[in-house]
Amino acid sequence: MRTKFIEASHGGNWGKFALLRFDEEWSVPSQISKGSVSLLRNLGWTPDYMWVLDLQTGEGAFFKPGGLAAADLTKHRIWCCPLYEPFLTWLYLQDLSDLDQLPDLVDLEAPFSMTGYRRPGPTVQEGA
């Protein structure tokens, strides 16, 4: 798995993120779906997706960069630091073909906040 750590700052907030992208794991076959291309492809993942982990909260999700960060965060409802959405918005605008080319530190525009938060999201209906 390819890994890149990026720190983000702005006006007193400090975000710590890990970007993770599968590498040799694409060749791992499914033990249940014999004959499938790979377990990851069988699940519908492509190399376009990456796991963005908030190192402070320990939560993250797989995202396909290029979408709308706010909508993606609402979908996953992860606990995130105040800089997660601005960081994800910034990330979606970057060339992600080589994670090593990304900076180790970015300065982001974001309001100051004392705490992280769980994104609101769709309510799960009982019995669903």
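No value in this document is a laboratory result; all are computed from the given coordinates. These figures come from a predicted structure and were not determined experimentally. Virtual Cβ from ideal backbone geometry, glycine too; neighbours counted across all protein chains shown.
Could you give the longest part of the chain that holds none of the trypsin sites (Lys or Arg not before Pro) found in DSSP loops with at most 15 neighbouring Cβ atoms within 10 Å? Result for the longest clean stretch: 78-128. Each of Leu43, Gln101, Leu83 was placed along the dipole of the chain (beta-carbon charges, centred on the mean Cα), and the one lying farthest toward the positive end is Leu43. Taking all C-alpha pairs of the range 2-110, those more than 20 Å from each other amount to 43 percent. Here the chain is scanned for GluC sites (Glu not before Pro) in DSSP loops (not H, G, I, E, B) that have at most 12 other Cβ atoms within 10 Å, and the longest stretch holding none of them is 1-108. Rounded to the nearest 20, the size of the Cβ-charge dipole of the chain about its Cα centre is 500 debye, with Lys and Arg at +1 and Asp and Glu at -1.
How high is the relative contact order of the range 2-110? Use alpha-carbon pairs under 8 Å, at least six apart in sequence, and give a whole percent. Working shown, then result.
Details: 173 pairs, mean separation 32.7, N = 109.
Reported as a whole number, the value is 30 percent.
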